[in-house]
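Quick notes on the structure that follows.
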Amino acid sequence: MMDWQTVEDQCFKDNKFFSQLVGIWPDQERVTKFVRRLVILVLVIIAIITEVSRIILFYSVDALLDQILYLDIGIGILIKQYNYILNEEKLKELLNNIVTDHLVKRSKEEQEILDTYSKRAMLFSFIYKVSICSSALMFILIPAVPPILNVIAPRNESRGREFIYPAYYFMDEQKYYYPILAHMISIALILAAVYTACDTNLIYIIQHGCALFTISGYRFKHAMDDVNLCDEKYNDVSMYKTYVKVRESIEAHKKAVEYVEKVNACHLYYFLIVLGFTIVAFTTTFVRLSETEIGIRFFTLWGFTVAQLVHLFFLTIMGQFMVNSNEEIFQTIYEAKWYNGSSKMQSLFVLVLRKCLNPPAITGGGLVPLNLDTFVQILKASFSYYTMFRPT
């Protein structure tokens, strides 16, 4: 039998490291957590101030469009991090539920279901981590492009120095180039760490919710296996045993529903805000792409577009997984041998099926459901806004 720490280390290989790195892991030492949060807050606030300053001092439509994109990223970092800071106890409860469920003694089949979804969470986390870290690395390497091109394809004059993103630092940018660049690199690293920490937490939480629904469906499917109305051995004892199995199935389904409600409570308006910021990011990026000549910035914008697509896709597909789990459990319950049970047990199956018609879903503020249809609708909305704001 494994202990709590062993299960926690096995279940949270990726998200624990990054969560501790950005100070959102609930059981992290308080002083360390506070210091890391403070450092990130100060660095991101400085970045936001420099970006807003550039808009004010050099105001133009082009400057505004340039900065909105990067302001969106900076504010998004704080939104993601502080959602879990403000909901620390709720996040802790969700993560503890995952560990607790792995420690509960289960049948071999149910344990395999939990392990399957844990491995799926690890796979999605790895893919997401690689995508986000690759995007951050792309931004960090922007300043290295001009020196490399000066060697590979020299011109009469050396190419100018590049920054990671446009900003105004109230100082001579050429004289203090490296301190400014160091701050920008730190922001890119913070971006990768915060996005990875927050979204991998979400991946593990959602996949565990799907596992709970699958376990409930498995119990419903096999609750009536030992019951046959034509069997002479069908008696009150077997009836009671079957009733206990059905009751345990209902309890498992209730637990899964409550878990999803806790997930929504931990992300009450978070998804809604993030989706809104994503629409702004896509719209601005499309406008800038239509105006930018092929070069470093053009490919940077394309890279940013791909990163945003990955981010949005992962958010919405997690909600789609939950929708699929609800549909699967409905089908599983319907296909179970409920007709072999007593009228009392049949009524219990009917009640659960009725509950499945109004399943819990991952939503943004209870208004926007997270699913693949929302993914498509956001892209459509972003492109519609782009056609309104694009230069003629």
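Taken over the stretch 330-355, the criterion of being surrounded by 14 or more Cβ atoms within 10 Å (Cβ to Cβ), basic (Lys, Arg) and in a helix (DSSP H, G or I) is satisfied by Lys355 alone.
Of all the helices (runs of 4 or more DSSP H) wholly in the stretch 77-152, which have at least 1 residues that are under 24 Å from Leu275 (Cα atoms) and not hydrophobic (A, V, I, L, M, F, W, C)? First the steps, then the outcome.
Values: elements: 88-103, 108-140, 145-152.
Because the criterion is at least 1 residues that are under 24 Å from Leu275 (Cα atoms) and not hydrophobic (A, V, I, L, M, F, W, C), the helices (runs of 4 or more DSSP H) in the stretch 77-152 that meet it are 88-103, 108-140.
The helices (runs of 4 or more DSSP H) found entirely in the stretch 3-72 that carry 2 or more residues being in contact (Cβ under 8 Å) with a residue 24 or more places away in the chain and among the small types (Gly, Ala, Ser) are 30-57.
Taking the criterion of being farther than 18 Å from Ser135 by Cβ, touching a Phe, Trp or Tyr at 6+ places or on another chain (Cβ under 8 Å) and surrounded by 15 or more Cβ atoms within 10 Å (Cβ to Cβ), the residues of the stretch 52-78 that qualify are Ser53, Arg54.
For Thr6, the criteria (1) within 21 Å of Asp72 (Cβ to Cβ); (2) surrounded by fewer than 17 Cβ atoms within 10 Å (Cβ to Cβ); (3) of a type in the set (Ser, Thr, Tyr) hold in every case but one, which is (1).
Of everything listed in (1) surrounded by 13 or more Cβ atoms within 10 Å (Cβ to Cβ); (2) without any contact (Cβ under 8 Å) to a residue 60 or more places away in the chain; (3) in a helix (DSSP H, G or I), the single unmet condition for Phe163 is (3). Six or more apart or on different chains, Cβ atoms under 6 Å: show the pairs whose first residue is in the stretch 336-365 and closer than 19 Å to Val246 by Cα and at pLDDT below 75 and whose second is part of a helix (DSSP H, G or I) and of a type in the set (D, E, K, R). Short answer, once both residue conditions are applied: Ala336/Lys221. Does Phe314 meet the test of being without any contact (Cβ under 8 Å) to a residue 40 or more places away in the chain, among the hydrophobic types (A, V, I, L, M, F, W, C) and surrounded by 14 or more Cβ atoms within 10 Å (Cβ to Cβ)? Here the answer is no, as Phe314 does not meet what is asked. Within the stretch 310-368, if we keep just the residues that are among the hydroxyl-bearing types (Ser, Thr, Tyr) and under 30 Å from the mean Cα position of the chain (by Cα), the residue that is farthest from Gly276 (Cα to Cα) turns out to be Thr332. Candidates Gly295, Gly276: the one that is surrounded by fewer than 21 Cβ atoms within 10 Å (Cβ to Cβ) and under 18 Å from Met388 (Cβ atoms) is Gly276.
The values are calculated or read from the model by the stated rules, or taken from the named source; none is laboratory data. From a predicted model like this one, the values you see are computed outputs, not experimental measurements. Here the Cβ is made from the backbone with ideal geometry for all residues, glycine too, and neighbour counts use every protein chain on show.
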